[in-house]
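In what follows, a structure is listed as structure tokens, so that the remarks can point back to it.
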Amino acid sequence: MTDLKNQHDIIIIGAGIIGLSAGLALQRAGRTVTIVDRTGVAAEASAGNAGAFAFSDIEPLATPGTFRNAPKWLLDPLGPLSIPPAYWLKIAPWMWRFLRASRHDRYTASLKAQADLMQLSEAALERQIKFLNAESLVRREGQLQLYEGEKQFKASLEGWELRQQHNIEFKLLKSPQAIADIQPGLSPRFTHAAFTPNWLNCSDPSIWANHIAKEFVKRGGIIDIRQVESLVQKSGKICLMTSAGELQAKQVVVAAGAWSHHLAQTLGDKIPLETERGYNTTLPAGAFDLKTHLTFGAHGFVITKIGDGIRVGGAVELGGLKLAPNYQRAEILLNKAASFLPALKTQGGKQWMGFRPSMPDSLPVISRSPKAHNVIYAFGHGHLGLTQAAGTAELVTTLINETKPKISLKPFLATRF
Ligand SMILES: Cc1cc2nc3c(=O)[nH]c(=O)nc-3n(C[C@H](O)[C@H](O)[C@H](O)COP(=O)(O)OP(=O)(O)OC[C@H]3O[C@@H](n4cnc5c(N)ncnc54)[C@H](O)[C@@H]3O)c2cc1C
């Protein structure tokens, strides 16, 4: 028998950026919300990411181009993409789906869905910034995508044409001097670039998530620290079996990042979620005078401002949730950053590894559970969870309240595989 105090209107599992944003949006829609997390606010990927609201990144990762580069990257065990040998067999079904997602028709459909979600999320973020009175927590300094030589630049142009079709503003730069006018101090090996002026960053993703959490609690929300082991349907309600007893809710949102599929499985839903592990090093104040967010796409990493410091991070390691981190990856990125920005001071850095929750087609799951009408899934945002959190939160609210969403949710269904 469940104690009355353990009965809830809505429980969200996960106090990462997705769960927190959904919690606040649901409260604003008049609902009573408890967020349950095993550790606390932004304890995982949402704390250490690069802080970018990357609305121009509409291209799914699974493209024919990815497969052209993959063998070269995979041959280098410390390159931008790696699969530890112990994980080859385990990742094979996900890779197969990733390969299928890169087929031209599927890629085009995913791109359209991603662009719709980005457009919604961009508008939703602006609403969120205003509501939270949080303009001081964002930086509107744009982004430079850097290319080495004419060949690499030309290969990127198709992607920029696609962005143009989706009304994304950008400027192509064709000389080191044009690049230096925006970001002095880059190695001259970068001959071309594209600048996206409307790109924005939060000043620090951990501070950003905690700011949302503070507002959520101020408005009566509860953040309850415990591990959820499984979900069970019982007389129209959902029971959560947790490390500290049973909870019941009328509706549940699963926003548990890279661990979400384990909870979905307890209801009988099989969802091909994997993790793309990423690494970074955060350097102290004074490490470099960075004017804008820098992206080195061919090397799979970025350099960005976090607080008064600099964060150098990226890489994709398909190694699952249990393998120990290999911080040599963070070192490799830092060494590359030092050769790209010769004046970068690399001392005093703090290393970090995080678990991106990733679906094979680069689209999140924003969907009702096929097995339980009162469970909503909101996970799998891969490289873009911070970017898409405010938009996802609005969509979760429409699913909970059974109102009409602003974009089609078909591409985000849990059943699409
Ligand atoms: C190196 C790196 C750089 C990145 N840069 C960017 C960027 O610049 N822009 C961007 O948009 N995205 C970026 N991302 C991706 C982004 O960080 C993620 O997509 C996002 O943080 C996912 O948020 P989430 O809330 O789904 O998951 P998480 O932040 O992982 O939160 C999930 C929460 O669920 C909790 N949880 C899990 N299982 C249970 C359970 N059984 N019971 C209770 N609690 C549970 C965990 O403790 C955790 O707090 C980056 C990621 C990495 C690794």
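Only the coordinates and a few stated rules stand behind these numbers; no lab work does. All of these numbers come straight from a predicted model, not from anything done at the bench. Positions of Cβ are generated from backbone atoms using ideal geometry, with glycine treated the same way; all protein chains shown enter the neighbour counts.
For this structure, a couple of remarks:
- Averaging Cα coordinates gives a centre for the range 326-349 and one for the range 140-213; these two points are 20 Å apart.
- Packing-based order for 380-393, 358-371, using average beta carbon neighbours within 10 Å, highest first: 380-393, 358-371
- Degrees, to the nearest 10: 88-101 long Cα axis against longest axis of the chain: 80
- Computed from Cα positions, the angle between helix 149-165 and the longest principal axis of the chain comes to roughly 40 degrees.
- Of the chymotrypsin sites (Phe, Trp or Tyr not before Pro) in the range 289-383, those whose Cβ has at most 15 other Cβ within 10 Å and which sit in DSSP loop: Tyr327
- Shown here for the range 301-335: trypsin sites (Lys or Arg not before Pro) in loop regions (DSSP other than H, G, I, E, B) with at most 12 other Cβ atoms within 10 Å, namely Lys322.
- Per-residue 3J(HN,Hα) values for the range 230-245, derived from phi via the Karplus relation 6.51 cos²θ - 1.76 cosθ + 1.60 with θ = phi - 60°, read 7, 10, 9, 8, 8, 5, x, 10, 10, 9, 10, 8, 10, 5, 10, x Hz in sequence order (x marks Gly and Pro).
- Each residue of the range 271-282 was assigned a 3J(HN,Hα) from its phi angle through the Karplus curve 6.51 cos²θ - 1.76 cosθ + 1.60 (θ = phi - 60°); the sequence is 10, x, 8, 10, 10, 9, 6, x, 10, 7, 10, 9 Hz, with glycine and proline shown as x.
- Contact order, relative form, for the chain: 26 percent (alpha carbon pairs under 8 Å, 6 or more residues apart, mean separation divided by residue count).
- Label-point separation, Ala298 to Lys234 (7 Å along Cα→Cβ), nm: 5.9
- Total charge dipole magnitude, the chain, about the Cα centre, Cβ charges on Lys, Arg, Asp, Glu only, Debye to nearest 20: 500
- Relative to the Cα centre, the charge distribution of the range 275-417, modelled as +1 at Lys and Arg Cβ and -1 at Asp and Glu Cβ, gives a dipole magnitude of about 180 debye.
- Length-normalised contact order for the range 132-270 - Cα pairs under 8 Å, 6+ apart - percent: 22
- J(HN,Hα) series, the range 17-29, from Karplus relation 6.51 cos²θ - 1.76 cosθ + 1.60, nearest Hz, glycine and proline x: 5, 6, x, 5, 5, 5, x, 5, 5, 5, 4, 5, 8
- Helix content alone sets the calculated 222 nm mean residue ellipticity of the chain: runs of n ≥ 4 DSSP H residues at -39500 (n - 2.57) each, divided across all residues, give -11000 deg cm²/dmol.
- Unsatisfied cross-links (Cα-Cα over 21 Å) in the set Lys171/Lys336; Lys151/Lys305; Lys171/Lys291; Lys270/Lys371: Lys171/Lys336; Lys151/Lys305
- Each peptide in 171-178, 79-86 gets a packing score, the mean of other Cβ atoms within 10 Å over its residues, and the list from highest to lowest is 79-86, 171-178.
- With the charge dipole of the range 192-269 set up from +1 on Lys and Arg Cβ and -1 on Asp and Glu Cβ about the Cα centre, the Cα lying farthest toward the positive end among the listed residues Thr196, Trp259, Ile238 is that of Ile238.
- Each Lys and Arg adds +1 at its Cβ and each Asp and Glu adds -1 at its Cβ; summed about the Cα centre, the range 17-166 shows a dipole of about 440 debye.
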